[in-house]
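Since the structure comes first, as structure tokens, the remarks are kept for the end.
The values are calculated or read from the model by the stated rules, or taken from the named source; none is laboratory data. Just so it is clear, the model here is predicted, and its values are computed rather than measured. Backbone-built Cβ (ideal geometry, glycine too); neighbour counts: all protein chains shown.
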């Protein structure tokens, strides 16, 4: 099966700073990848490029057969709507929209809205009784679950999560990890930026970065063996 | 659910989310719209109201025999019947005058016979000390010009004995009139009394007319009168017509520039609110872009919000403007200015335009880079 993500000799510079330096790896469909490394190692830069939020300076990035380094702003916007589901550390929900409307917002920018489908997505993450709550009325864990429902609503090829449990307490971290595990089992391709060794151990593979370079790729299951 | 519904749903939430800032913008728009609406209402009525006002400021058309002097310089009073027979609605007042020389004791004085009911209609600005004479039939009283009164030592209530050849006329002074014109040197009384006194039955020296309308409309009335009275000179008082035209032009110009200034000020108010709003919305726009929202689609939401604000401000401003126009009408023109509904779409269009121009800072949100916003920069 063709890899869903191909990263070849990827470079990203901010002035004189080399945020990513000739990084290469591939992701198979349905894989759960943990991107790890110390602060400033280029994890978020990598996920931003994969998500079409930033342009690479060099190298190639192909997602689902589409070389995104060559795309203009308009095509990148379409790419994000069609192929990517984002989950952010800060949740990033629109504060004046309800949980339901936050999920429908992703549908709205993708194609057409379907209130029933959005409500169903929220029920799947355990928020069936919180549809009409605005983010301020939800706990951190609940807000992150709304973000996960929003990320999934358009059946993206890739779920990109940047420190999804970074702002959560232990109980809520457990709930979000359980959801990610379920998504993985359902066949979703997930790339998670994390500092957490626990999440790293749950992934199929860990892509470890140091100073913008690919330090190693580890398969936790093989490492345990 | 169709996209349009979600569009309206987000729009509704946007309007509710920044109530404080939007209220400031709405107040700026409503205030601007109210002044525009009031001035446009006044402008549409101003010409009519002002020309009515001008008609209380004296005659603007004079009919007199061609200059030649002596008896020939008098016209037959039948001219008044001819003017009446034309039934010209624009003629507000018709005042005939017969001027004769008389003596009060040893002092010479000009005695003018006229129709007081018409004189008072076209010269409401005359200042009368004592009592005014308003009846055409009053043969007892007279008004004495302020200069003549000083020379003859007359005051309200005193009697004046006038003599011309063998004829005598005794009158009671009702009031002393100040006009700033030739009347200040004259004694004014009933036309028929003066005609009998001078032995000039059915003769008049001239007829003053007060004609309402714009300068071209006055010229048209003058033309019709000249056609009907070919043996007489029918002359518009050009200085007055020109002054009226100039005043109307200046008022229109003032209204135009005031509206322009008010709209610019409203726009600055909206601009300030929207600039603050744009800063608040950067995160939302970054997120919407990350979720796949195109710049035109996101901007449509914000422009619709500004447009809705403009429409509401325009409607509210129109209603307030109608009240304001009424106040202006009553206090300045002394008349009721009614609501002109053709002003409503103009006010709303202007206000929506101002709101859209004032929301320029929101358009800068199109340049927001989602990666920077989501990183928290």
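Being in a loop (DSSP other than H, G, I, E, B) and over 15 Å from residue A:168 (Cα atoms) is the filter here; which residues of segment A:191-207 pass it? Steps first, answer last, please.
Looking only at segment A:191-207, we keep the residues that are in a loop (DSSP other than H, G, I, E, B), and these are A:194-196, A:203-204.
Those that are in a loop (DSSP other than H, G, I, E, B) and over 15 Å from residue A:168 (Cα atoms): A:203, A:204.
Inside segment A:24-49, can you point out the residues that are away from chain B (no Cβ under 14 Å), surrounded by 18 or more Cβ atoms within 10 Å (Cβ to Cβ) and either touching a helix residue (DSSP H, G or I) at 6+ places or on another chain (Cβ under 7 Å) or not in a strand (DSSP E or B) (or both)?
Residues of segment A:24-49 that are away from chain B (no Cβ under 14 Å), as a first pass: A:24-38, A:41.
After this cut, where a residue has to be surrounded by 18 or more Cβ atoms within 10 Å (Cβ to Cβ) as well, the list is A:27, A:31-37, A:41.
Result: A:31, A:32, A:34, A:35, A:36, A:37, A:41.
If a residue must be crowded, with 19+ Cβ neighbours inside 10 Å and under 15 Å from residue B:301 (Cα atoms), how many such residues does segment B:362-376 contain? Full working, then the answer.
Of segment B:362-376, the ones crowded, with 19+ Cβ neighbours inside 10 Å are B:362, B:365, B:368, B:370-371, B:373-374.
Add one more test, that the residue is under 15 Å from residue B:301 (Cα atoms), and what stays is B:362, B:365.
Within segment B:362-376, residues that are crowded, with 19+ Cβ neighbours inside 10 Å and under 15 Å from residue B:301 (Cα atoms) number 2.
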Give segment A:149-172 a look and list any residue that's touching a residue at least 24 places away in the same chain (Cβ under 8 Å) and away from chain B (no Cβ under 14 Å), or say none. A:165, A:168, A:169, A:171, A:172
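Could you say which residue among B:202, B:210 is modelled with pLDDT of 85 or more and surrounded by fewer than 19 Cβ atoms within 10 Å (Cβ to Cβ)? Can you show your working first?
Details: B:210 fails: surrounded by fewer than 19 Cβ atoms within 10 Å (Cβ to Cβ).
Result: B:202 is the single residue among B:202, B:210 that is modelled with pLDDT of 85 or more and surrounded by fewer than 19 Cβ atoms within 10 Å (Cβ to Cβ).
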Among the residues of segment A:55-77, count how many are closer than 24 Å to residue A:108 by Cβ and surrounded by 15 or more Cβ atoms within 10 Å (Cβ to Cβ). 7
Keeping to segment A:133-148, report how many residues are part of a loop (DSSP other than H, G, I, E, B) and within 13 Å of chain B (Cβ to nearest Cβ). 1
Looking at the structure I just gave you, is residue A:103 within 12 Å of chain B (Cβ to nearest Cβ) and either outside any loop (DSSP other than H, G, I, E, B) or modelled with pLDDT under 95 (or both)? yes
Given the conditions (1) part of a helix (DSSP H, G or I); (2) within 14 Å of another protein chain (Cβ to nearest Cβ), which single one is not true for residue B:292? (1)
Index of the failed condition, residue A:131 passing every other in (1) over 30 Å from residue A:68 (Cβ atoms); (2) out of contact with any helix residue (DSSP H, G or I) (no Cβ under 7 Å at 6 or more places or on another chain): (2)
Filtering strands (runs of 3 or more DSSP E) wholly in segment B:79-152 for at least 1 residues that are free of Cβ contacts under 8 Å to residues at least 24 places away in the same chain and out of contact with any helix residue (DSSP H, G or I) (no Cβ under 8 Å at 6 or more places or on another chain) gives B:107-114
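Let's see how each residue does on (1) in contact with a strand residue (DSSP E or B) (Cβ under 6 Å, 6 or more places away or on another chain); (2) farther than 26 Å from residue B:233 by Cβ:
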site	(1), (2)
B:152	yes, yes
B:165	no, yes
B:174	yes, yes
B:179	no, no
B:201	no, no
B:207	yes, no
B:211	yes, no
I need the full set of residues from segment A:50-84 which are in a loop (DSSP other than H, G, I, E, B) and within 19 Å of residue B:297 (Cα to Cα), in order please. A:52, A:53, A:72
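Mind checking which residues of segment A:85-100 are outside any loop (DSSP other than H, G, I, E, B) and more than 7 Å from every other protein chain (Cβ to nearest Cβ)? Break it down into steps so the answer makes sense when it comes.
First pass over segment A:85-100, keeping only residues outside any loop (DSSP other than H, G, I, E, B): A:85-87, A:99-100.
Correct list: A:85, A:87, A:99, A:100.
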Run down B:366, B:292 and say which single residue is in contact with a helix residue (DSSP H, G or I) (Cβ under 8 Å, 6 or more places away or on another chain) and on the phi > 0 side of the Ramachandran plot. B:292
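Given the criteria in the same structural domain as residue B:39 (by TED's automatic domain parsing), closer than 30 Å to residue A:78 by Cα, touching a residue at least 12 places away in the same chain (Cβ under 8 Å) and surrounded by 22 or more Cβ atoms within 10 Å (Cβ to Cβ), does residue B:306 qualify? Don't jump to the end; show me each part of the working.
Working: in the same structural domain as residue B:39 (by TED's automatic domain parsing): yes; closer than 30 Å to residue A:78 by Cα: yes; touching a residue at least 12 places away in the same chain (Cβ under 8 Å): yes; surrounded by 22 or more Cβ atoms within 10 Å (Cβ to Cβ): yes.
In short, yes.
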Look at segment A:106-129 and say how many of its residues are surrounded by 22 or more Cβ atoms within 10 Å (Cβ to Cβ), more than 10 Å from every other protein chain (Cβ to nearest Cβ) and either touching a strand residue (DSSP E or B) at 6+ places or on another chain (Cβ under 8 Å) or in contact (Cβ under 8 Å) with a residue 40 or more places away in the chain (or both). 1
Matching option when the condition is out of contact with any helix residue (DSSP H, G or I) (no Cβ under 9 Å at 6 or more places or on another chain) and at pLDDT 90 or above, among B:173, B:177, B:194: B:194
Looking at segment B:311-377, what helices (runs of 4 or more DSSP H) fall wholly within it and have at least 3 residues that are within 14 Å of chain A (Cβ to nearest Cβ) and out of contact with any strand residue (DSSP E or B) (no Cβ under 9 Å at 6 or more places or on another chain)? B:370-374
Can you name the number of the only condition in (1) surrounded by fewer than 14 Cβ atoms within 10 Å (Cβ to Cβ); (2) farther than 21 Å from residue B:96 by Cβ that residue B:255 fails? (1)
